[in-house]
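The values are calculated or read from the model by the stated rules, or taken from the named source; none is laboratory data. This is a predicted model, so every value here is computed, not measured. All Cβ positions, even for glycine, are placed from backbone atoms using ideal geometry, and neighbour counts span all protein chains on display. Note: areas computed on protein heavy atoms with side chains; ligands, DNA, RNA excluded. Shrake-Rupley method; radii C 1.70, N 1.55, O 1.52, S 1.80 Å.
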Amino acid sequence: MKTIKQTLQLLAVMAMLVSCNHYDDFFGHHGTKFVTVPFEAEFIGDYIYVGPDNVESTGLEPKCEFTRVIVDFEGSGTPVGNFTGNFDFCVGPEGGYGQTEAYMVTEKGDSLFISISGKVIEGRLDDMPEYVTSYWQDPFEILGGTGRYEGATGSGISDDYNSSLDPNSHHSWSGTIIMRK
């Protein structure tokens, strides 16, 4: 009788554990866990197109009132590793740029979607190298992605510039990303 009582008590305890919210943890099926980690990216952009926004010039549906800018870029960072990507944005007459459609694609094919907007400022700050011709330091937001970055969020600040040494844009972004573990 004692054995039956102990067995029933054990079954009752197991039933309570299974009925708890931690059912998945009890059986080793952990739910999706998210972690916050640093996001760092260094990359160089190649201006593919800067000019009027029309189908004849870009081959794309127009979206800008003034100037359209399309930039392909490549670089590396944490946690994205080596990546390629693209910016497609509109610039107004005062150098402000609206919400930018941007993405990064890792070597494994995972994509990270990003939004950034702000203003390009002519010249340079005193602590910047002499070859900086214009710069922008604007907030960015991580909007999700595919693969490893599905459901990712996060934010940070850009530290970017154009140079008199080459025709490229230079980017250094830092912030945090919240992504699946």
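Loop-located GluC sites (Glu not before Pro) across segment 72-129 with a Cβ neighbour count of 12 or fewer within 10 Å are E94, E107, with loop assigned by DSSP.
How much length, in nm to one decimal, is gained on full extension between I48 and E107, taken as 0.36 nm per residue of separation minus their Cα-Cα distance? Let's see the in-between values first.
On the way: separation 59, 0.36 × 59 = 21.24 nm, distance 2.16 nm.
That pair, I48 and E107, stretches by 19.1 nm at full extension.
Report the local net charge at D72: Lys and Arg +1, Asp and Glu -1, summed over other residues whose C-beta lies under 11 Å from its C-beta. It works out to a net charge of -3. Counting only protein heavy atoms and using a 1.4 Å probe, the accessible area of L165 comes to about 130 Å². Per residue, the accessible area of segment 34-180 comes to 52 Å², computed with a 1.4 Å probe over protein heavy atoms only.
Given the Cα-Cα distance of S174 and Q137 and 0.36 nm per residue of separation, how much length would full extension add, in nm?
On the way: separation 37, 0.36 × 37 = 13.32 nm, distance 1.09 nm.
That works out to 12.2 nm of additional length.
Using Cα-only point scatterers and the Debye equation, what is log10 of I(q)/I(0) for segment 34-180 at each q in 0.09, 0.16 Å⁻¹, rounded to two decimals? Debye output, listed in q order: -0.28, -0.87.
Check each of the trypsin sites (Lys or Arg not before Pro) in segment 26-110 and keep only those in coil by DSSP with at most 12 other C-beta atoms within 10 angstrom; list them in order. The qualifying sites are K33, K108.
With a Förster radius of 25 Å applied to the beta-carbon distance between N86 and V35, the computed FRET efficiency rounds to 0.40.
GluC sites (Glu not before Pro), restricted to segment 127-181: which are DSSP loop and have at most 12 other Cβ atoms within 10 Å?
For GluC sites (Glu not before Pro) across segment 127-181 that sit outside H, G, I, E and B with at most 12 neighbouring Cβ atoms in 10 Å, the list reads E130.
Multiplying the residue separation of S117 and E150 by 0.36 nm and subtracting their alpha-carbon distance yields 9.6 nm. As a fraction of the 1.4 Å probe accessible area of segment 34-180, surface on carbon and sulfur atoms comes out at 53 percent.
So, with +1 on the Cβ of K and R and -1 on the Cβ of D and E, and no other charges, what is the size of the charge dipole of segment 34-180 about its Cα centre, to the nearest 20 debye?
440 debye
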